[in-house]
1. For segment 298-316, give me the residue count where each residue is surrounded by 17 or more Cβ atoms within 10 Å (Cβ to Cβ) and out of contact with any strand residue (DSSP E or B) (no Cβ under 7 Å at 6 or more places or on another chain).
2. Can you tell me how many residues in segment 240-254 are more than 11 Å from ALA186 (Cα to Cα) and either in a helix (DSSP H, G or I) or open to solvent by less than 10 Å² (accessible area, probe 1.4 Å) (or both)?
3. Which one of these does ASP335 not meet: (1) among the acidic types (Asp, Glu); (2) in a loop (DSSP other than H, G, I, E, B); (3) under 23 Å from LEU46 (Cα atoms)?
4. In segment 333-359, which residues are closer than 22 Å to ALA288 by Cβ and surrounded by 13 or more Cβ atoms within 10 Å (Cβ to Cβ)?
5. Within segment 52-81, which residues are open to solvent by less than 30 Å² (accessible area, probe 1.4 Å) and more than 21 Å from the chain's Cα centre (by Cα)?
6. Of the conditions (1) open to solvent by less than 30 Å² (accessible area, probe 1.4 Å); (2) under 19 Å from LEU330 (Cα atoms); (3) under 19 Å from the mean Cα position of the chain (by Cα), ALA96 clears all except one; give me its number.
7. Quick one: in segment 129-185, of everything that is open to solvent by 70 Å² or more (accessible area, probe 1.4 Å) and part of a loop (DSSP other than H, G, I, E, B), which residue is nearest to ARG244 (Cα to Cα)?
8. How many of the residues in segment 318-332 are within 20 Å of ALA280 (Cα to Cα), in contact (Cβ under 8 Å) with a residue 24 or more places away in the chain and surrounded by fewer than 20 Cβ atoms within 10 Å (Cβ to Cβ)?
Amino acid sequence: MRFERLRIQGLRCLSRVDVELGPGINVFEGPNGAGKTSMLEAAFLLSHARSFRSGAKEALLQRGAPELAVFAELKHDDGRSSRVGLGRAGSPRWDAKIDGEKVALGALVGECAVVCFEPGSHALIAGAAEERRRYLDWGVFHVEHAFLDNWRRYQRALKQRNALLRSATVSDELYQPWEAELSQAAQAIEALRQDYLQQLEPLLSASTAGLLPELGDVELRCKRGWPDGVDLADALQEQRPRDRIRGHTTFGVHRADWSIAFAHAPLREHLSRGQEKLTALACLLAQAALFARDRGEWPVVCLDDLASELDQAHQQAVVTELEAAGAQVLLTGTDLPTPLKAVPHRLFHVEQGNVAPLL
């Protein structure tokens, strides 16, 4: 899939932007603080309904702007076209649209797929488990149609159990139906996650072999979020007194985590900061390749400040892979990265929130 047109209003320093994008590599160059990263952020919002940057959602809205809106015209590899939009005005809730009709956020995320490598991406390897669960669940959502319903079931039951835990006096019988529901939904989610990781592992192995050959073979390891060999409903019942003290549920798929072990670096602490970045990049490229294998088209790939994050050899390897795959790439930099000078691309200059095509 690709963006044919991207329109942005009231996003950080971007007051009003309307650009036509090329099907291949699109480069946004300009000085720091000009709004280059916000261009990628807009694309990412349409696919994830959140930013890849840390900070409050309110910071996305330009100061003094009445609303924030991102719209795109999409073209899929099967020839299908669609118009997608995301916005909010005076409320923290997002409004999503496809072809002018209001839809649930899940429908928007299912229609528009974007992966992004940016300066904070190393958190996928070295950061908190929440970031890895987001990565995993976005991928599962796009290849396993049963995931969303089970995730909603799980979240509803989790909310109800947490409310009971915070109540002053509640009989144990009230917990049982919600713990049973949590257990059933968790088993389905865990099975889908495990299947996804099994599909992802050979693609990740190929990606890391190109980017980090010195680390050897790769293995994915997953912790499901409650003790092995125990049914979740039983674990929740046993944990109930301690959860009452904490006021929240401490076992379940919302506590899951996964990690990468290399033959020559079995623990993430063995990786340098540069190796963490390359491992995160390998994860994103593997996820994009799995999406392409399942859906028949690549997601849009965003690369923020590529030249400062990777040396020229790794920049060249990534550009070559994405060009060969036929993926649409949105890339930023203060200057045109050297590996792109010999590659067909479309160039945009970004300054003070204005975006102008150069080539």
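The values are calculated or read from the model by the stated rules, or taken from the named source; none is laboratory data. If you're wondering where the values come from, they're calculated on a predicted model, not measured in any experiment. We place every Cβ from the backbone using ideal geometry, glycine too, and count neighbours over all the protein chains shown. For the accessible areas, the whole protein counts, side chains as well, though only heavy atoms, and no ligand, DNA or RNA atoms are used. Shrake-Rupley method; radii C 1.70, N 1.55, O 1.52, S 1.80 Å.
1. Adding up the residues that qualify gives 6.
2. Matching residues across segment 240-254 total 8.
3. Every condition holds for ASP335 apart from (3).
4. Correct list: GLY333, PRO337, PRO339, LEU340, VAL343, HIS345, ARG346.
5. ALA65
6. All conditions are met except number (2).
7. Among them, the one singled out is ARG166.
8. The number of residues fulfilling the criteria is 3.
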